[in-house]
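Values in this text are rule-based calculations from the coordinates and carry no lab data. Quick caveat, the model's predicted, so the values are computed rather than measured. A quick note on method: Cβ atoms are made from the backbone with ideal geometry, for glycine too, and the neighbour counts reach across all protein chains shown.
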Amino acid sequence: MRCKPIPQIGRVVLTMMVGCGLLAGSARAGGDELYRAAAELRAKYAAELEELAAWCDERGLSEEAKKTRGRLGPRDPDKLYLPVLPSKIGRARLPGDSPPEMLEWDRRLTRLRRDQANALFELARSAVRRHRASLAYDLVLSAIRANPDHEAVRRLLGYQKYRGQWRTAYQVRRLRAGEVWHEKFGWLPNSHVRRYEQGQRYHNGRWITAAEDARLHRDIESGWVVETEHYRIRTNRSIEAGVQLGEKLERLFRIWRQIFVRYYASEADVIALFDGRARARRARGPKLHVVFFRDRDNYNRSLRAVIPNIEKSIGLYLEQTRRAYFFAGKGYDERILYHEATHQLFHQSRRVAADVGRKANFWIVEGIALYMESLRREGDYYTLGGFDDQRMHAAQYRLLKDDFYVPLEELTTYGMQKLQADPRVATLYSQAAGLTNFLVYYEGGRYRDALVAYLAAVYSGRDNPGTLSELTGTTYSELDKQYRRFMENQGR
Ligand SMILES: [Zn+2]
C-alpha cells in the first residue's frame, strides 16, 4: 500500500465553541430493538416493491418492473451510502395520456416511497431520543432516498424551498443578492456571467483579459480567492481549479456533518433538529481556509520554511495556521485532499485540546482520516468505506496474511510520536484504517456512536487508554477478537 508520510507539526491552543459531552456507555439499552425495527421496515419495503414489480411483469411493463426493483438501491453492509440529492423539487410526472396501467404503477410506487420515507423518519426520531444519532442519520438518509422531497428531512439536512429548488440558506442569500453559481467560475453576479464566458475577468473594478488576470494572480499571496458555503480557498492555479476543489470540499463537509453530528452538537441540539425546532446549524464562524498551490514545486518552495521535509508530503493540515494546503497538477491526490480536510474538520468544528493524541489514542486521529479518504461516487450515491477500498485491502492483508496485529490494549497507549516514530508506521496506519472500518460497520454499526464519542473524547483531551473500552462497553481482548472475525468473514 502507499504510505503518505505525515509531517509532524507543532500544536497551538485552539479556541472554538464548546461542543458536546461524552455519550454514556449506557446508550446500548433499547438499541437492538431499534435495529430490528429498521430491518423490518426495510424488509417490508423490499417485499412491497417486489410485489409491485411482479405486478408490472405480469402486464409486460418490464422497464417499470426494473425501475421498481431499482428503488431498493445497493446495500453492502460494510459501506455507508449517502444519496446524491436532486436540487429540483418534484418528480418527473408521466404524461396524462399514458396507458392506465402505467399511471397506476406510478401512483402505487409514489405512495410506497412516500409511506416508507415517513415511517423511516418517525423511527429516526425515536432513535435520536435513545442516543442513537448514527442510526437516526442512516434512517433519514434512507428516507430522503425514498422521497427526495420529504420536507422535514430536507429541513433537517439544511435545505429550504426557493424558486422550485432545494437550496441551503447560504445559497438563497447569494441568489437573492443577484448572484448565480457558475460551474466553472463559482459565485458570480448575474451580470458578469456572459463576459466571464467570453474570457473577460473583473478585477478591482474593471474588466481585463483572462491572461492579464492570470498574471495578476500568479503568486499565491495574490492568488484568486474562491468562496464556497464553508470554505475560503486561495489558489494561484486558476479560478476553475479553485471552484472544483471547493465542490469536493463542500461534499466532504456535508457528509462529515451528517456522520459526526454528535461530535459537534449536543444531544439536545440533535433532538431539536429532528423535531423541526431548530435549523441545521451551520458553522457561522470563520470559514475553513484552504490554500491550493499551482503545482508541487510552488507548494514545496512556499512551505519549506515551515516544514523542512515538505517534499515528502502531498498535502497537509497545519494547526498553527488552521489551514489545509494542497497542490494541483502532477501528484495531486484526491484521497489526501479528503484525508487532510478531515483533520481540519475535526480540529475546527469544536473546541479541541492543545495536545490531541499526544499521550495516547493517536491511532484513531489517523484512522478516521484514512477512513474518510475512501469517499467516492458510485451511481446515485456517495460511498464511504467498504472492503473494496485500498486501505481495507491493505488492512486485511496485514492481519490475515502477515499476521500483523498490535492489540488494542497496547495500541491505545501510543501517542503521536510513538506511533509515527515506529518503524512499522505504515503497517500501523493500515491497522488503524481496518479498526476504524470495524468500529463503523461491525454488526450493523453497533459501535458507531461509541466511535463518535471516542473521537470527541480524544479531541477534547478527556481520553485515556481505556476510553474506547469504556465507551463500547467491551474489553479490548474481546474487541480484538471481534475485529479479527470482521476481517475474516466479510468482504470476501
Ligand atoms: Zn493524517
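In units of the rule-of-thumb radius 2.2 N^0.38 Å, the range 27-157 shows an alpha carbon radius of gyration of 1.14.
Projected label points at ARG59 and ALA426, each 7 Å from Cα along the beta carbon direction, are separated by 6.0 nanometres.
Residues VAL306, VAL261, ranked from the fewest to the most other C-beta atoms within 10 Å, line up as VAL306, VAL261.
Among rounded, prolate and oblate, which fits the range 273-404 when a ≥ b ≥ c are the square roots of the eigenvalues of its C-alpha gyration tensor, a/c under 1.5 means rounded, and a/b larger than b/c means prolate? It is rounded, given that a/c, with a ≥ b ≥ c, falls under 1.5. Whole-Hz Karplus values for the range 142-152 come out as 5, 5, 6, 6, 5, 9, x, 9, 5, 5, 5 Hz, taken residue by residue from phi with 6.51 cos²θ - 1.76 cosθ + 1.60 and θ = phi - 60°; glycine and proline positions read x. When the chain is fully extended, how far beyond the present Cα-Cα distance does ARG42 get from ARG130, taking 0.36 nm per residue of separation? Length difference between fully extended and current span is 29.7 nm. Within the range 61-80, find all residues whose amide N lies under 19 Å from a label point positioned 7 Å from the Cα of LEU103 along Cα-to-beta-carbon. Residues 61, 64 qualify, since their backbone N sits under 19 Å from the label point. When the P(r) is computed for the range 161-216, the part past 13 Å accounts for 65% of the Cα-Cα pairs. Subtracting the Cα-Cα distance of LYS401 and ARG206 from their residue separation scaled by 0.36 nm leaves 63.8 nm. Exposure proxy shown here: for ARG155, ARG350, the number of other Cβ atoms within 10 Å sets the order, fewest to most, as ARG155, ARG350.
Considering the zone a paramagnetic label at GLU311 would reach in this model (a point 7 Å from Cα along the Cα-to-Cβ line), which residues of the range 324-353 have amide N under 16 Å from it? Taking a point 7 Å out along Cα→Cβ of GLU311, the residues of the range 324-353 whose backbone N falls under 16 Å are 331. The DSSP beta bridges internal to the chain are antiparallel in roughly 75% of cases. When all C-alpha to C-alpha distances in the range 336-473 are sorted into bins of 5 Å, what percent of pairs does each bin hold, rounded to whole numbers? P(r) for the range 336-473, in whole percents per bin: 2, 10, 19, 24, 23, 15, 6, 2, 0. Fully extending the segment from ARG351 to ARG323 would add 8.5 nm, taking 0.36 nm per residue of separation and subtracting the current Cα-Cα distance.
For the pair LYS161 and ASN464, a Förster radius of 51 Å applied to the C-beta separation gives a FRET efficiency near 0.60, rounded to the nearest 0.05. Counting only residues at least eight positions apart within a chain, or on another chain, the aspartates and glutamates with an alpha carbon under 12 Å from that of LYS401 are GLU488. By the equivalent-ellipsoid construction on the alpha carbon gyration tensor, the chain comes out with semi-axes of 36, 34, 21 Å, ordered largest to smallest. Rounded to the nearest whole Hz, the Karplus-based 3J(HN,Hα) values (6.51 cos²θ - 1.76 cosθ + 1.60, θ = phi - 60°) of the range 173-188 follow the sequence 4, 6, 5, 5, 7, x, 9, 9, 8, 9, 5, 9, 9, x, 6, 9, with x at glycine and proline.
Amide hydrogen proximity for PHE327: with H placed 1.01 Å from N in the peptide plane, the residues at 5 or more positions away or on another chain lying under 5 Å are PHE293.
Near the amide H of GLU378, within less than 5 Å, lie the amide hydrogens of THR383, all on another chain or at least 5 residues away, with H placed in the peptide plane.
Taking the charge dipole of the chain about its Cα centre, with +1 at Lys and Arg Cβ atoms and -1 at Asp and Glu Cβ atoms, the residue from LEU471, HIS393, HIS230 reaching farthest to the positive side is HIS230. Placing unit charges on the Cβ atoms of the charged side chains and taking the dipole of the range 161-216 about its Cα centre, the candidate lying farthest along the positive direction among ALA177, TYR196, ALA211 is ALA177.
Shown here: the range 228-350, whose C-alpha atoms stretch 51, 28, 23 Å along the first, second and third principal axes, sorted largest to smallest. Here, the range 107-227 is characterised by an Rg to Rh ratio of 1.21, where Rg is the alpha-carbon radius of gyration and Rh the Kirkwood radius.
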